[in-house]
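The values are calculated or read from the model by the stated rules, or taken from the named source; none is laboratory data. Since the model is a prediction, treat every value here as computed from it, not as a measurement. Glycine gets a Cβ as well: all are built from the backbone with ideal geometry, and neighbour counts include every protein chain shown.
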Number of protein chains: 2
Amino acid sequence: MGAKYTIPHEVTYYECDVNHTMKLSTMIAIVIKVSEEQSDLLNRGNDYIHQFGVTWIITHYEVFISRLPRVNEKIQVTTQAMQYNKYFCYRDFWITTESGEELVHIESIFSLMNYTTRKISSVTEDIIAPFESEKITKIKRPQKVEPLENPRSNAYNVRFYDIDSNHHVNNSVYFDWLIDGLGYDFLTTYEPKYINVRFDKEVEYGNQIESLYEVVDQENGKQTRHAIKIADKKYCEAQIEWQEK
Amino acid sequence: MGAKYTIPHEVTYYECDVNHTMKLSTMIAIVIKVSEEQSDLLNRGNDYIHQFGVTWIITHYEVFISRLPRVNEKIQVTTQAMQYNKYFCYRDFWITTESGEELVHIESIFSLMNYTTRKISSVTEDIIAPFESEKITKIKRPQKVEPLENPRSNAYNVRFYDIDSNHHVNNSVYFDWLIDGLGYDFLTTYEPKYINVRFDKEVEYGNQIESLYEVVDQENGKQTRHAIKIADKKYCEAQIEWQEK
């Protein structure tokens, strides 16, 4: 198992929604910040890896939520590079209270993408060694996302503020599009307990995306299924399990 | 002049746009956090003022920008309640570098609004005294915003994540709508030096707003004029002066 890195964070009002708990998009933005800080500390930051013509992309998150961080709460955000194989790096995140109670656990899959070809590039020892993660040969199959049957949909334009300093739409922005359609009543009645999200293609500035969603009744709450599409091509799909608050 | 209150802040990547400088919406969200923290410290936080059936609203900002805070920069954010009269409180904010260089200065106008009637309520000694601001009789007239002549416009739906814990669309969100239409080329060529924005009515969850804008050439850069409307009623208007980067 690789080196751990932790930063403290105090949750602000503008990181929270009407429920006084952290927005999913902000939560993802913060965990990515922690992994970027660790990379910088290990001298494997963006400047370093860009010399090889590659950049990190994230293709998958599985999020396990005990409860979401609350406004004004002091939390700890930890990351650890777990394992890697030829094309995939498995990185975990934990959000805990100051006293160490686990609030959120995230499993993610990172890959290196060639800037020019936009294709996945193999992971090199030089880039990965300082993270001290375990080399494995197995390719883990992420949990499948259930297909949509009779979705509703909303359109969203990619905004100038949705793109980050790498000119990409940051992964965190997809969470805004994914859940928004569920609406106020749903989003103030249910809280997410599990999220499985897969990123297939890169959305770009200037795109208009369709966010498709469907609510499925379950014994113990609701399941929602999601896809983000442009012109019938799937860019992202997700499944979220919700419980009544 | 009233009591000053300062917090340190380190600018994160997700608070910045493609230019590696802080998003205007985030900058406004952070200064509001500082004024809320000061109110809490003086025991005049939301819980306290809600007992009188009122809440703070912000009706005006004038923003003077030397340069925007940059990614990873350590800044100081200061607020001070300056003056008040029967209906208006004048509060200033400063963003400075760690060594005290002024980056941004903001002048704002706050009022108390009655929850039930949604009308402006007069400022009481009980609420304002701890801020030690100066009582004045004069009502300051904020700088006028130039009217639009041949605007273009974009539509935006208010999203679930645009509303804050008070069920309002936070003032900071308007900045996303205001500038987005100017587009990538404009927003990566010019940087804002002066912003004058007036909030007339409250946008609510479920609304679709029209963001109107127009670019006017100036000797020393560009001026943009803005309005946010719903069904031809003006909710917000703004004027921004830009200089080539």
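A compact table of results
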item	result
Positions within segment B:155-177 being in contact with a Leu (Cβ under 7 Å, 6 or more places away or on another chain) and more than 8 Å from chain A (Cβ to nearest Cβ), in sequence order	B:Phe175
Residue match in segment B:46-66 (condition: within 11 Å of chain A (Cβ to nearest Cβ), in contact with a helix residue (DSSP H, G or I) (Cβ under 9 Å, 6 or more places away or on another chain) and at pLDDT below 95)	yes
Among (1) among the charged types (D, E, K, R); (2) over 30 Å from B:Val158 (Cα atoms); (3) exposed (fewer than 12 other Cβ atoms within 10 Å of the Cβ), the one test that A:Lys140 misses	(3)
Tabulated pairs, segment B:18-29, first farther than 17 Å from B:Trp94 by Cα and facing chain A (nearest Cβ under 7 Å), second of a type in the set (A, V, I, L, M, F, W, C) and assigned to a loop (DSSP other than H, G, I, E, B), C-beta under 6 angstrom, 6+ apart or interchain	B:His20/B:Val71
Number of the exception - A:Lys201 against (1) touching a strand residue (DSSP E or B) at 6+ places or on another chain (Cβ under 7 Å); (2) more than 9 Å from chain B (Cβ to nearest Cβ); (3) closer than 25 Å to B:Cys16 by Cα; (4) buried (at least 21 other Cβ atoms within 10 Å of the Cβ)	(4)
Test for B:Lys193: is it more than 11 Å from every other protein chain (Cβ to nearest Cβ), over 30 Å from B:His20 (Cα atoms) and either within 18 Å of the chain's Cα centre (by Cα) or modelled with pLDDT of 95 or more (or both)	no
Every residue from segment A:77-92 that is in a strand (DSSP E or B) and basic (Lys, Arg)	A:Arg91
Residue match in segment B:128-137 (condition: within 27 Å of B:Tyr235 (Cβ to Cβ) and not assigned by TED's automatic domain parsing to the domain that holds B:Asp217)	no
Conditions (1) over 24 Å from A:Arg118 (Cα atoms); (2) buried (at least 16 other Cβ atoms within 10 Å of the Cβ): number failed by A:Tyr184	(2)
Residues of segment A:225-244 that turn out to be in contact with a Pro (Cβ under 9 Å, 6 or more places away or on another chain) and either more than 22 Å from A:Asn207 (Cα to Cα) or surrounded by fewer than 22 Cβ atoms within 10 Å (Cβ to Cβ) (or both), as a count	5
Top-ranked residue of segment A:93-106 - restricted to ones that are polar (S, T, N, Q) and assigned to a strand (DSSP E or B), ranked as nearest to A:Glu62 (Cα to Cα)	A:Thr96
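Yes/no per residue for (1) assigned by TED's automatic domain parsing to the domain that holds A:Asp180; (2) in a loop (DSSP other than H, G, I, E, B); (3) over 18 Å from A:Asn150 (Cα atoms):
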residue	(1), (2), (3)
A:Val197	yes, no, yes
A:Glu202	yes, yes, yes
A:Tyr205	yes, yes, yes
A:Glu210	yes, no, no
A:Glu214	yes, no, no
A:Lys222	yes, no, no
A:Lys229	yes, no, no
A:Tyr235	yes, no, yes
A:Ala238	yes, no, no
